[in-house]
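Step one of this worksheet: look at the structure below.
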Amino acid sequence: MAKELKNVEYGLEKIFEGAQDFLPLLGTDYVEFYVGNAKQAAHYYKTAFGYQSYAYAGLETGLKDRTSYVLKQDKIRLVLTTALNSDSPIGEHVKKHGDGVKVIALWVEDARKAYEETTKRGAKSFMEPVVEKDEHGEVVRAGIYTYGETVHMFVERKNYKGTFYQVLLNGKVNTILLQLV
């Protein structure tokens, strides 16, 4: 006695009445890699995969603990960061794990709400919501740990008109605007 099977197509409609997306994502803002040699990694990504130099931060821009190269290809932004001191948290992370992703920054409409919704569901906090301002506007950022030491950063940049805003310094907030290359 075979039961009749019903073909169900799940598209964009809600499966459960009243279901809501508690974390609407607008896209990926950037992915930050901690690497042993950011200059070499930047050269590799540009040569092998066609990325273009977009921005830079380091000794020349006032940073004394790290160097970051921002590469762009269409809508994809990679931040390649290396420690200038092997005893820094970035250096320790690279010694422990090798080159790899540290931050996946997610572009959201409301970073405070994204943080609140994820932490109330059990996510471990990396960074509470912070508003960072400069002459180009403001960015709201908050972060959670996802797996191991990898971080999902929620970035709200609707009130920011600058070119690129990237912040991560020893697990603490420190505002820098990267210099365009």
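Restricting segment 44-62 to residues that are part of a loop (DSSP other than H, G, I, E, B) and buried (at least 18 other Cβ atoms within 10 Å of the Cβ), the residue that is modelled with the highest pLDDT is 51.
Regarding residue 122, is this residue at pLDDT 90 or above and either in contact with a helix residue (DSSP H, G or I) (Cβ under 8 Å, 6 or more places away or on another chain) or more than 29 Å from residue 20 (Cα to Cα) (or both)? No, not satisfied. Of all the criteria given as (1) exposed (fewer than 13 other Cβ atoms within 10 Å of the Cβ); (2) at pLDDT 95 or above, the one not satisfied by residue 133 is (2).
Contact map, segment 64-76: first residue outside any strand (DSSP E or B), second residue of a type in the set (Val, Ile, Thr), Cβ cut-off under 9 Å, separation 6 or more or different chains; pairs are 65/90; 75/28.
The values are calculated or read from the model by the stated rules, or taken from the named source; none is laboratory data. Please read these numbers as outputs of a predicted model, since none were measured by experiment. Note that each Cβ is placed from the backbone with ideal geometry, even for glycine, and that neighbours are counted across all protein chains shown.
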